[in-house]
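**Q** Sharing a structure, written as structure tokens. Questions coming.
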Amino acid sequence: MAKDNEQTLATKEITSTEQSVTKGLDPRNQSKLQTEGLYWLRRAAEQGNPEAQYGLGDHFMYDDPKAAMQWFRLAANQDHDNAQFELGEIYRQEKGIPPGENYVEAAIWYLLAAERGNVLAQAQIGEMFFNGDGVQEDFAKAYMWLTLAVGNLAPGFEVLQKRLIGLRDTAFARLSREQIIDAQRQSSRWHARPSTANQVAEWRPRSAVARLGDSEMLAVPNEYSHCEMQ
């Protein structure tokens, strides 16, 4: 009798977990998870594993963008830099919820990813500071982030590297001598911020929002609890 009760409780628990995991997903994707062997990845994601959450977001990117955003956001809130970068891409490409241009939101997620050492995010936030998209135009910050991105790009990104060098050099030409010295000093001292998703070294004297500039215009999304407002 006791064994039967334990089995009944276990069945209820699994059913409850599956229902909570699949909540908000398109029915065809629920079936897809089962047929493609992603069941355990989904279970790990529901239990809070950021890498699994990112994996599901990547899986649903094209078939169910809304579900992808949900999983990316869960992973991003746990400092997963690739998930933060993908959210930046989604908002920059006007595919957010609601849809439409949202460079401010994109800049927030790009910067959070850039501070964790995501090279593509460093390139994007550097360009946004250069153009004043979603942030106040700031050639010193643009120069710093573009310098880091150029120095950290892996082989195979020569075309992107050439474009970033052009932007970096243009930003450099618009800086005063004092600004150049300060930007170079910050670049040389910079280290990626630590993450619960991928542990690395830290040097971070100010919060992400403070680095973006105007704290009146910018605010960290409510879901992101790790960023310190200053």
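**Q** Give me D for the stretch 74-115 in µm² s⁻¹, whole number, from Stokes-Einstein with Rh from the Kirkwood sum over alpha-carbon pairs, 37 °C and 0.692 mPa s.
**A** It comes out at roughly 336 µm²/s.
**Q** Whose amide H sits under 5 Å from the amide H of R116, counting only residues 5 or more places off or on another chain, with H placed in the peptide plane?
**A** When sequence neighbours closer than 5 places are left aside, the close amide H contacts are R193.
**Q** If each residue's Cβ is checked for other Cβ atoms within 10 Å, how do T147, T170 rank with the fewest at the top?
**A** Taking fewest neighbouring Cβ atoms as first place, the list is T170, T147.
**Q** Grab the eigenvalues of the alpha-carbon gyration tensor for the stretch 120-165, scale each by 5, take roots, and send me the semi-axes largest first in whole angstrom.
**A** 19, 9, 8
**Q** If the stretch 33-128 were replaced by its equivalent ellipsoid, with semi-axes equal to the square roots of 5 times the Cα gyration tensor eigenvalues, what would those be, largest first, whole Å?
**A** 24, 15, 9
**Q** Let me ask another. Label points 7 Å out from Cα along the Cβ direction at K162 and Q184: separation in nm?
**A** The modelled label-to-label distance comes out at 2.7 nm.
**Q** Residue-wise, which Karplus ³J(HN,Hα) couplings in Hz belong to the stretch 158-170, taking 6.51 cos²θ - 1.76 cosθ + 1.60, θ = phi - 60°, and x for glycine or proline?
**A** Here the 3J(HN,Hα) series is 4, 5, 5, 4, 4, 5, 5, 4, x, 5, 4, 5, 5 Hz.
**Q** Treating only the Cβ atoms of Lys and Arg (+1) and Asp and Glu (-1) as charged, compute the dipole magnitude of the stretch 37-149 about its Cα centre; round to the nearest 20 debye.
**A** Computed charge dipole of the stretch 37-149: roughly 280 debye.
Each value in this text was obtained by applying a stated rule to the coordinates, not by laboratory testing. Quick caveat, the model's predicted, so the values are computed rather than measured. In this analysis, Cβ positions are derived from the backbone assuming ideal geometry, glycine residues included, and neighbour counts consider all displayed protein chains.
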